[in-house]
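K.L.:
The structure that follows is given in the form of structure tokens.
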Amino acid sequence: MKKNIHFHSDCSFFAGCENMLVNFFHDEAINKRYRLSFSYRYSPRYEAGVKERIPNELRKAPLKIFDMTSIYEYINNFSFKPLRLLIKILANLLLLRYIVIFWNTIVLYRLLRNMRIDLLHVNNGGYPGACSCTSIILAAKLCQVPQIVYVVNNLAVSYKSPLRWLDYPLDKILVNAVSMFVTGSAYAKQRLIDILKVPTSKAISIHNGIARRSITENRIQVLKRLGVDHNNVIITIVAVLEERKGHIILLKAIELLKDQGIEKLPIILIEGIGPTLSSLKLFVDRYTLQDHVKFIGSEKNVFNLMNASDIIVLPSLYNEDFPNIISEAMSLGKPVIASRLAGTPEQIESMHDGILLEPGNVEKLAEAIRVLLADSDLRLRLGVNALEKFEKNFSNTIATNKYLILYNRLLKEDL
């Protein structure tokens, strides 16, 4: 008789950390051995991703539960900034996060109590991350779910902030409740062990795997649709428009190259939406970079976009671990320039299959771009090596097989 694995995730939209969920739900070996189900915090954007990428036959439970991100999004709609700040301070003073966790635990307990789950797989963007990820673990323990796998897709937050001090007893409960913590990089695993004091026997690192997506437009078609001359060198950044992703560093590097009189600057395609859009556009206008930078919003198939690009750049500043976009670019044989942060050295060997730079270094980023602009053979060599590394280490099959071994071990089954 098949055992039951229930997956839970909480995100405002179908982000990169959900890619592994898609891999699980489509994996033949996992579906053959286990009966799968999936719960998630409902939002229109997330639901659109579910309908597009997750099989219809999978048992799903969209939940109208709360999270601090949705509450803060609501607060941010207020135009009067002092009022927004005051409400956020009050939310922390009133321990609103813990009230949300308590309420969500009740909702999730009602969901789980009749499901006969053998293993719960929680997919969280970070730690402590989403409230419902904490709540479902508490609910699972109340329901006596025997095994819990907790996947942390970013770096655990330390106790330096006073706002984290109240989490300490809750963290201890979760560490005891979870059977195995999984991180995307060895760096993140060690940070989790150091901060939460997780026993080393309860933490492993499994690199996220990438499933190749079909290319439905060639380079010329993509660039024509975007109004870009295909004879230019195309540099693309695919990331939510947030400060931590470092878009401004890339723009400053292009502005520096312009000042240095580089004969033919590349075209920079900025894919994504987010809160820094207006400030980035102001920078482009101020330094008259309109001929070299194009904001293209959200692309439905970013693989088409990356395949049409010559170089992928991810100049993140902080709060980054093992970016899926790097592995995705490698799967297409594209050279990547990225920040040396957390798990990125586990993806890229600098000047062998990509280029790694210190975060925030505008001059070094400009120099790396200049070198790749001038040397097409180097671009090709880095891309070829990147594809080779991807096939050996970062494919979806490799990752799902590692999880299958983990599930079998926890459930005491033979392969």
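K.L.:
Can you compute 3J(HN,Hα) from phi for each residue in the stretch 152-163, using the Karplus curve 6.51 cos²θ - 1.76 cosθ + 1.60 with θ = phi - 60°, rounded to whole Hz and x for Gly and Pro?
P.N.:
10, 8, 7, 7, 5, 7, 6, 8, 5, 7, x, 5
K.L.:
Something else about it: Shape verdict for the stretch 269-311, please, from the Cα gyration tensor: rounded (a/c under 1.5), prolate (a/b greater than b/c) or oblate. All intermediate terms of the calculation are to be shown ahead of the outcome.
P.N.:
Numbers: a/c = 3.56, a/b = 1.57, b/c = 2.27.
It is oblate, given that a/c is not under 1.5 and a/b is not larger than b/c.
K.L.:
Residue 245: which lysines have alpha carbons under 25 Å from its alpha carbon, excluding same-chain residues fewer than 8 sequence positions away?
P.N.:
81, 88, 160, 189, 258, 281, 294, 300, 334, 364, 389
K.L.:
Whole-Hz ³J(HN,Hα) for each residue in the stretch 136-146, computed from phi via Karplus 6.51 cos²θ - 1.76 cosθ + 1.60 with θ = phi - 60°, x for glycine and proline: what do you get?
P.N.:
Each residue of the stretch 136-146 in turn: 6, 5, 4, 5, 5, 5, 5, 8, 6, 5, x Hz.
K.L.:
Which of the aspartates and glutamates could a cross-linker span from residue 3 if the Cα-Cα distance has to be under 17 Å and same-chain partners fewer than 8 positions apart are dropped?
P.N.:
In chain and number order, the partners are 27, 28, 118, 413, 414.
K.L.:
For the chain, what is the charge dipole size about the Cα centre, in debye to the nearest 20, if Lys and Arg each add +1 at the Cβ and Asp and Glu each add -1 at the Cβ?
P.N.:
Working: 52 positive and 40 negative charges, 322 e Å.
The calculation lands at about 1540 debye.
K.L.:
Okay, moving on. What order do 229, 353 take when sorted by accessible area (1.4 Å probe), most exposed first? List each step's numbers first, then the result.
P.N.:
On the way: 229 80, 353 0 Å².
Greatest to least solvent exposure: 229, 353.
K.L.:
With the dipole of the chain worked out from charges on the C-beta (+1 for Lys and Arg, -1 for Asp and Glu) around the Cα centre, which of 192, 100, 394 lies farthest toward the positive end?
P.N.:
Farthest towards the positive pole: 100.
K.L.:
I need to check one value: relative contact order of the chain, counting alpha carbon pairs closer than 8 Å and at least 6 residues apart, in percent. Working shown, then result.
P.N.:
Details: 719 pairs, mean separation 58.0, N = 415.
For the chain, the relative contact order is 14 percent.
K.L.:
If you don't mind, there's one more thing I want to ask. Given 19, 336, 120, which one lies farthest toward the positive end of the charge dipole of the chain, if we put +1 on the Cβ of every Lys and Arg and -1 on the Cβ of every Asp and Glu?
P.N.:
About the Cα centre, the residue reaching furthest to the positive side is 120.
K.L.:
Please report, as a whole percent, how much of the solvent-accessible surface of the chain comes from carbon and sulfur atoms (probe radius 1.4 Å).
P.N.:
On the way: 10650 of 19340 Å².
Within the chain, the accessible surface is 55 percent carbon and sulfur.
K.L.:
May I ask you to give the solvent-accessible area per residue for the chain, in square angstrom, as obtained with a 1.4 angstrom probe? Kindly include the intermediate steps, with their values, before the conclusion.
P.N.:
Numbers: 19340 Å² over 415 residues.
Per residue, the chain has 47 Å² of solvent-accessible surface.
K.L.:
Next question, about the same structure. Enumerate the amide H contacts of residue 262 below 5 Å, restricted to partners 5 or more residues apart or on another chain; note that Pro and chain-start residues carry no placed amide H.
P.N.:
For residue 262, no residues qualify.
K.L.:
Treating the angle as unsigned and between 0 and 90°, give the value, to the nearest 10°, between the Cα long axis of helix 168-177 and the longest Cα principal axis of the chain.
P.N.:
Taking the Cα atoms of the chain, the angle to 168-177 is about 70 degrees.
K.L.:
Ordered by residue, what ³J(HN,Hα) values in Hz, to whole numbers, does the stretch 313-322 give under the Karplus form 6.51 cos²θ - 1.76 cosθ + 1.60, where θ = phi - 60° and Gly and Pro are x?
P.N.:
Rounded to whole hertz, the list is 10, 9, x, 4, 9, 6, 6, 9, 10, 10.
K.L.:
Can you tell me how much longer the chain between residue 3 and residue 144 gets when fully stretched, taken as 0.36 nm per residue apart minus their C-alpha distance, in nm with one decimal? List each step's numbers first, then the result.
P.N.:
Working: separation 141, 0.36 × 141 = 50.76 nm, distance 1.51 nm.
Full extension from residue 3 to residue 144 adds 49.3 nm.
K.L.:
I would also like to ask the following. Any idea what the relative contact order of the stretch 96-144 is, in percent, if you count C-alpha pairs under 8 Å spaced at least 6 apart? Kindly include the intermediate steps, with their values, before the conclusion.
P.N.:
Details: 36 pairs, mean separation 26.8, N = 49.
Normalised by residue count, the contact order of the stretch 96-144 is 55 percent.
K.L.:
Let me ask something additional. Evaluate the relative contact order of the stretch 305-415 (contact order divided by residue number), counting alpha-carbon pairs under 8 angstrom at least 6 apart; express in whole percent. Numbers along the way, then the final one.
P.N.:
Details: 150 pairs, mean separation 28.7, N = 111.
The value is 26 percent.
K.L.:
Among the lysines, select those whose C-alpha is under 30 Å from the C-alpha of residue 2, and discard any that sit fewer than 8 residues away in the same chain.
P.N.:
Qualifying lysines at Cα under 30 Å: 32, 51, 60, 64, 141, 202, 402, 412.
K.L.:
What net charge do the residues around residue 25 carry, taking every other residue with its C-beta under 14 Å from that of residue 25, with Lys and Arg at +1 and Asp and Glu at -1?
P.N.:
Details: positive: 32, 33, 35, 51, 53, 59, 60; negative: 18, 27, 28, 52, 57.
Net charge in that neighbourhood comes out at +2.
The values are calculated or read from the model by the stated rules, or taken from the named source; none is laboratory data. For clarity, every value in this text was computed on a predicted model and none was experimentally measured. For neighbour counting, all protein chains shown are included, and Cβ atoms are generated from backbone atoms with ideal geometry for every residue, glycine included. With ligands, DNA and RNA removed, areas are computed over all heavy atoms of the protein, side chains included. Shrake-Rupley method; radii C 1.70, N 1.55, O 1.52, S 1.80 Å.
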